[in-house]
Amino acid sequence: MFVATLDGIFKYADLPEEYEPYVQFKATIDKRELKPSDELAILNIAGTSTHHVLFLDSYSSTDEIERELKEADAKINHTTLKIIGGHL
């Protein structure tokens, strides 16, 4: 199982360019139209060269995030979970 750690929480309008492909991919999967005000978390999946994107308004609890990551064979670290929980 991989460990997911927080790279950052951003408004879509302020997203660093390096994360754009991951955000576009996740938006396509979620059938989501991106807005500049969307708040999202970018997680680094240790041991891989990929990132996991969380559109924070899509979750009502950190349990939902943990379940999503478990399906991707990843576990979110405790500090990251606390930080994201403060943004939900």
Close pairs (6 angstrom Cβ cut-off, 6 or more residues apart or separate chains): under 15 Å from His52 (Cβ atoms) and basic (Lys, Arg) in the range 17-41, surrounded by 13 or more Cβ atoms within 10 Å (Cβ to Cβ) and modelled with pLDDT of 95 or more anywhere: Lys26/Val53
Identify all residues within the range 5-16 that are open to solvent by less than 70 Å² (accessible area, probe 1.4 Å), touching a residue at least 12 places away in the same chain (Cβ under 8 Å) and not aliphatic (A, V, I, L, M); write none if there are none. Thr5, Asp7, Gly8, Phe10, Tyr12
Any residue at all in the range 31-38 that's open to solvent by less than 50 Å² (accessible area, probe 1.4 Å) and closer than 17 Å to Asn77 by Cβ? no
Going by the conditions given, is Gly86 out of contact with any Leu (no Cβ under 9 Å at 6 or more places or on another chain) and in contact (Cβ under 8 Å) with a residue 40 or more places away in the chain? no
Please tell me if Phe25 is among the aromatic types (Phe, Trp, Tyr), over 21 Å from Thr62 (Cα atoms) and open to solvent by 30 Å² or more (accessible area, probe 1.4 Å). yes
Qualifying residues in the range 51-72 (those that are farther than 21 Å from Gly86 by Cβ and loosely packed, with under 14 Cβ neighbours inside 10 Å) - the one modelled with the highest pLDDT: Lys70
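The values are calculated or read from the model by the stated rules, or taken from the named source; none is laboratory data. Given the structure is predicted, the values throughout are model-derived calculations rather than measurements. Here the Cβ is made from the backbone with ideal geometry for all residues, glycine too, and neighbour counts use every protein chain on show. All accessible areas refer to the heavy atoms of the entire protein, side chains included, with ligands and DNA or RNA removed. Shrake-Rupley method; radii C 1.70, N 1.55, O 1.52, S 1.80 Å.
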